[in-house]
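Mind having a look at this structure? Questions to follow.
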Amino acid sequence: MNKTININLGGFPFTMDEMAFDLLERYISSIKNHFAYSDSYQEIITDIEIRLGELLQEKTETKSIVTTADVEFAIKTMGRPEEFGAESIDLPGEDFDTSNQSKQSGRKTSSTRKLYRNIAEKKIGGVCAGIAAYFGIQNVMWVRLAFIAFTVTGGFAVPLYIIMWIFIPEAKTSADYLAMKGEKITVSNIAEYLEKEINNFSSNLTEFTDDISERLGGSGKKSFRAAGPNIDLERNIKIGAAKIVGFFRPLVVIIGALLLLIFAGVWISMIVGFVLASPILQFISSSSPVVNFIASVNSFIILGVPLAFIVFSALKLVFKTRISRNLKQSLLVFWLSNLVCFVILGATTFKEYSNADTQEVKQDLGGLKSEIVALKTIDGNDDNAHIQFGDLKIANDDKLQINHELKLNIFPAESQQWSVTKRIKSRGSNSKQAKINADCVEYVIVPLNDHELEIPSFYTIDKDCKYRFQQVEVDLFVPIGKIITISRELEWKLGSIAYDKNQMKDGWKYIEGKQYRMTAAGLQCANCTESELRSMVEQESYEDYISNEDIPQDALLQSIDNKADINFDKNRELLISFDKIIGAGGDKMKFEKIDFNVDQSSDSMIHILKKLKFYGTRNVSSENFDQYYAFKQSGNEFIFSNAAFINRDLKAINPSMEVTLLLPVGAKIRFDDNVNGFDSQIKYDRDEIPGNWRFVKNELLLMGPKGLKCINCN
């Protein structure tokens, strides 16, 4: 039974049995006695103890007690005292004599090269010097020239150098320098290296007194490892930067203080904003409270850690505060782990939006008895909204109010009964959950009296439900013979309108204050004159298109995008046409430069992409894109406008609209021949249709893997 002793050797803690400790103590005492009169005594003993600690650490990775055999292994690796001329010690179970010395000196000792940054010969970070030592290149200048050549020719050497600077450790001990050069790490080699360093230091002492004084830092302790005669680039940069900062220090302090105040304000604003927006966030977040809590913590850390790094940099710049490298690395790892967790939780929440479904609700409007009914709308009362984020609002009843544009379609009724059909679309983790989310929508249409119908432009979601992109579309069925008036606020909320094409040959016309009678063919303007209908067609158009060379230098290209995603039913044929959809007020000008593209969808949905472009000094808002260009959908019929609009006060130059229709493979579609006036890039099967493309009315086309092809042509 042996006693155990706890020690610290070279910064490594060990638990040793008593015999192993006695052997190690005798070995270290022998080394100390041998090098007692050396000028580099302290350096030699420190480096030897660190190396002994590393060797014992390697031997005891899988066990907790250091044994005599472990100490013997370390002694044989580092060299017996007799090998470097010290007083011999006895190893248990072995005799040693001088006749054995040559045999012992010839034994294999680990001399595996390791890559370090050579700080002793560095110019910037010691990377090139370390590579030269690792590969045995005598002149480090060749490695530096190679880095310069790669920097000049390709530029990749700069990020490579920075990465190596970050991840390659610097050589700190003599054992590191020996391992870097592939030399055996023994007591004699460590002593020889340090003795050589002190000799080099002494020989250059007079010439570089100032340099050495700065490196010693007034501590009184000699350190030769990172010293050398070279005045390196890194030190020069630091000295120059210190002088500049010293000169501008008052200004730097003021700027740094302002930056700290700004960062503090950003952080406080973020916390306050998060707290204030939490009622809205609870509607769009996950259904799981645990996921929401973890995601909230992640979001604070993801935003807060970069701010903390900026604050650290400001503190270092202004007050020269040193921040621990371990702290920085720990924060970086912590930030990355939170980012990964946030992405995973985000993907989990995103699944709750993956499926879509529609709920239809039919409602009779029996209270409407008058021959003339006024259609009005009601907007959400902003005075009651104590939190607002875009189109989302939280009213005083804690319900979520969504102010999306209402799509109101008007069709003739099959009887003399007024009615509406409300289609509520929603998303969810599955079809069943999507319908549950659709049921959460509160949207009520109620006649105000026998001659007024109020159609809200918003809907609400109960506080116990989630917002999952719910949308509301209303079909209003007007009995034949009844007359309606449409308020100005509803103009841009109109979707598919059944109208008499014999009266409105150029498309649906809305004129404020006019009466529209429902007929079997659709709505007719009951009190419009021919001149009024014609004036709408002849609205002022934009015709001042100029060459690119004549565009003023201060006019920049402005653009906004809009996208609509439509579910595709492979059993229904689609009908596409271009019709005049006039709806702009007097503050807009019409233009007809419209490019229509047809391409293949990457998924199973129909996508309609719209892009408005013009040159000017002011941009336009992406909200209410239909004010610039609209298309209408009625069942399987898509009607695109052959006119677009832009605000007169924008003073736009060369406005244009690009419309792209993306169709999934398998879509069957018919195009009206009026599309030919706008076609631009059409993806069609050139094997099936030779020559140039042209739409022909009533042709039935199929979107195949190679593009459109006709399936009812000869």
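The values are calculated or read from the model by the stated rules, or taken from the named source; none is laboratory data. All figures in this text were calculated on a predicted structure; none of them were measured in a lab. For neighbour counting, all protein chains shown are included, and Cβ atoms are generated from backbone atoms with ideal geometry for every residue, glycine included. Side chains are part of the model used for accessible areas, which takes the heavy atoms of the whole protein and leaves out ligands, DNA and RNA. Shrake-Rupley method; radii C 1.70, N 1.55, O 1.52, S 1.80 Å.
Looking at this model, which pairs from Lys588/Lys613; Lys466/Lys563; Lys432/Lys632 are more than 27 angstrom apart at the alpha-carbon? Don't skip to the end; give the middle numbers.
On the way: Lys588/Lys613 15 Å; Lys466/Lys563 24 Å; Lys432/Lys632 29 Å.
Too far apart for the 27 Å limit: Lys432/Lys632.
Specify which residue in the list Tyr684, Gly616, Cys710 is farthest towards the positive end of the charge dipole of segment 595-714, using unit charges on the beta carbon of Lys, Arg (+1) and Asp, Glu (-1), about the Cα centre.
Gly616
Further question on the same structure: State which entries of Lys362/Lys482; Lys482/Lys590; Lys351/Lys668; Lys399/Lys493 exceed 27 angstrom in Cα-Cα distance in the structure shown.
Lys482/Lys590; Lys351/Lys668
With every protein chain kept in place and ligands, DNA and RNA left out, what is the accessible area per residue of segment 600-695? Probe 1.4 Å, answer in Å².
Ligands and nucleic acids excluded, the result is 45 Å² per residue.
Gap in Å between the Cα centre of segment 620-653 and the Cα centre of segment 472-512?
17 Å
Something else now. Can you pull the accessible area of Arg517 for me, 1.4 Å probe, Å² to the nearest 10?
90 Å²
If the cut-off is 22 Å between C-alpha atoms, which lysines fall inside it for Lys114, apart from same-chain ones fewer than 8 positions away?
List returned: Lys59, Lys76, Lys122, Lys123, Lys172, Lys181, Lys184, Lys196.
What does a probe at Ile7 reach in segment 14-40, counting residues whose amide N is under 20 Å from the point 7 Å along Cα→Cβ?
Hits in segment 14-40 for Ile7 at 20 Å: 14-36.
Still on this structure, I have one more. How large is the charge dipole for segment 3-83, taken about the Cα centre, if only the Cβ atoms of Lys, Arg (+1) and Asp, Glu (-1) carry charge, to the nearest 20 debye?
Roughly 160 debye, rounded to the nearest 20.
While we're on this one: Filter the chymotrypsin sites (Phe, Trp or Tyr not before Pro) in segment 471-575 down to the DSSP loop ones having no more than 15 other Cβ atoms within 10 Å, then list what survives.
Numbers: sites: Phe477, Trp492, Tyr499, Trp508, Tyr510, Tyr516, Tyr542, Tyr545, Phe568; in loops: Trp508, Tyr510, Tyr542, Tyr545, Phe568.
Within segment 471-575, the qualifying chymotrypsin sites (Phe, Trp or Tyr not before Pro) (loop, at most 15 other Cβ atoms within 10 Å) are Tyr545.
From the protein chains alone at 1.4 Å, what is the descending order of accessible area for Lys122, Lys184, largest first?
Greatest to least solvent exposure: Lys184, Lys122.
Here is a further query. With Cβ to Cβ distances under 9 Å as the rule, what net charge do the other residues near Lys683 carry (K, R +1; D, E -1)? Mind showing how you got there, number by number?
Working: positive: Lys706; negative: Asp599, Asp685.
Overall, the nearby charge balance is -1.
Moving to a separate point now. Taking the Cα centre of each part, how many Å lie between segment 54-71 and segment 688-714?
Segment 54-71 and segment 688-714 have Cα centres spaced 80 Å from each other.
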